[in-house]
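A.B. asks: The structure's right below; bear with me while I get my questions together.
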Amino acid sequence: MTKAAQPKFRRILLKLSGEALGGEKKVGICPEIVHDMAKQIREVRDLGVQVVIVVGGGNIFRGAVGSERGIERATGDYMGMLATVINALALQDALEKTGVATRVQSAIAMSQ
């Protein structure tokens with residue numbers, strides 16, 4: 001995109017699967033992948049686009065698999081939400097290192 005071109009949207013919502021943060025193995029967190037995502041997100045922000053990110057947690061825990069293996073559904077749901085927070089914190093760290101101010105929000109109450 002050239003400097004003269006204007007972005008089509010002023011705000012976007014970006015959904016990242018947890019598996020994307022895991023790299024080729026699609027499990028765990030691959031720091032190189034997360035840092036590359038952060039750089040790309042910063043490039044979009046530098047165009048003046050406001051970015052909201054929703055991140056999944058499937059690279060850490062999948063509720064359906066847990067249920068099949070005997071984990072109570074409500075417990076599995078909480079585990080999945082914690083997995084999304086872990087991924088959000090990893091992405092927040094990478095974004096902050098590139099100079100992008102961030103805020104992680106979750107339905108699970110936790111202090112700073």
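The values are calculated or read from the model by the stated rules, or taken from the named source; none is laboratory data. Computed from a prediction, not measured in an experiment: that's the story for all the values here. Virtual Cβ from ideal backbone geometry, glycine too; neighbours counted across all protein chains shown. Just so you know, the surface numbers come from the protein's heavy atoms only, side chains and all, with ligands and any DNA or RNA stripped out. Shrake-Rupley method; radii C 1.70, N 1.55, O 1.52, S 1.80 Å.
A.B. asks: Given the structure, is Gly70 open to solvent by less than 90 Å² (accessible area, probe 1.4 Å), on the phi > 0 side of the Ramachandran plot and either touching a Cys at 6+ places or on another chain (Cβ under 7 Å) or at pLDDT below 95 (or both)?
C.D. replies: Working: open to solvent by less than 90 Å² (accessible area, probe 1.4 Å): yes; on the phi > 0 side of the Ramachandran plot: yes; either touching a Cys at 6+ places or on another chain (Cβ under 7 Å) or at pLDDT below 95 (or both): yes.
It is true that Gly70 is open to solvent by less than 90 Å² (accessible area, probe 1.4 Å), on the phi > 0 side of the Ramachandran plot and either touching a Cys at 6+ places or on another chain (Cβ under 7 Å) or at pLDDT below 95 (or both).
A.B. asks: Something else about it: Could you run through segment 21-51 and say how many residues are open to solvent by 40 Å² or more (accessible area, probe 1.4 Å) and either within 13 Å of Asn87 (Cβ to Cβ) or touching a strand residue (DSSP E or B) at 6+ places or on another chain (Cβ under 7 Å) (or both)? Lay out the reasoning, then the answer.
C.D. replies: Of all residues in segment 21-51, those open to solvent by 40 Å² or more (accessible area, probe 1.4 Å) come to 24-27, 29, 31-33, 35-36, 39-40, 42-48, 50.
When the remaining residues are screened for being either within 13 Å of Asn87 (Cβ to Cβ) or touching a strand residue (DSSP E or B) at 6+ places or on another chain (Cβ under 7 Å) (or both), the result is 26-27, 29, 31, 33, 44-45, 50.
Looking only at that region, the number is 8.
A.B. asks: Give just the number: which of (1) without any contact (Cβ under 8 Å) to a residue 12 or more places away in the chain; (2) over 23 Å from Lys8 (Cα atoms); (3) assigned to a helix (DSSP H, G or I) does Gln40 not satisfy?
C.D. replies: Unmet for Gln40, out of (1) without any contact (Cβ under 8 Å) to a residue 12 or more places away in the chain; (2) over 23 Å from Lys8 (Cα atoms); (3) assigned to a helix (DSSP H, G or I): (2).
A.B. asks: Sticking with this one: Tally the residues that are without any contact (Cβ under 8 Å) to a residue 12 or more places away in the chain and within 27 Å of Arg10 (Cβ to Cβ), restricting the search to segment 20-37.
C.D. replies: 1
A.B. asks: If you go through segment 74-112, how many residues are of a type outside the set (Ser, Thr, Tyr) and either free of Cβ contacts under 8 Å to residues at least 12 places away in the same chain or open to solvent by 40 Å² or more (accessible area, probe 1.4 Å) (or both)? Break it down into steps so the answer makes sense when it comes.
C.D. replies: Keep residues of segment 74-112 that are of a type outside the set (Ser, Thr, Tyr), which gives 74, 76-77, 79-83, 85-97, 99-101, 103-105, 107-110, 112.
Okay, now just the ones that are also either free of Cβ contacts under 8 Å to residues at least 12 places away in the same chain or open to solvent by 40 Å² or more (accessible area, probe 1.4 Å) (or both), so 74, 77, 79, 81-82, 86, 89, 92-93, 96-97, 99, 101, 103-105, 107, 109-110, 112.
Number satisfying all stated conditions: 20.
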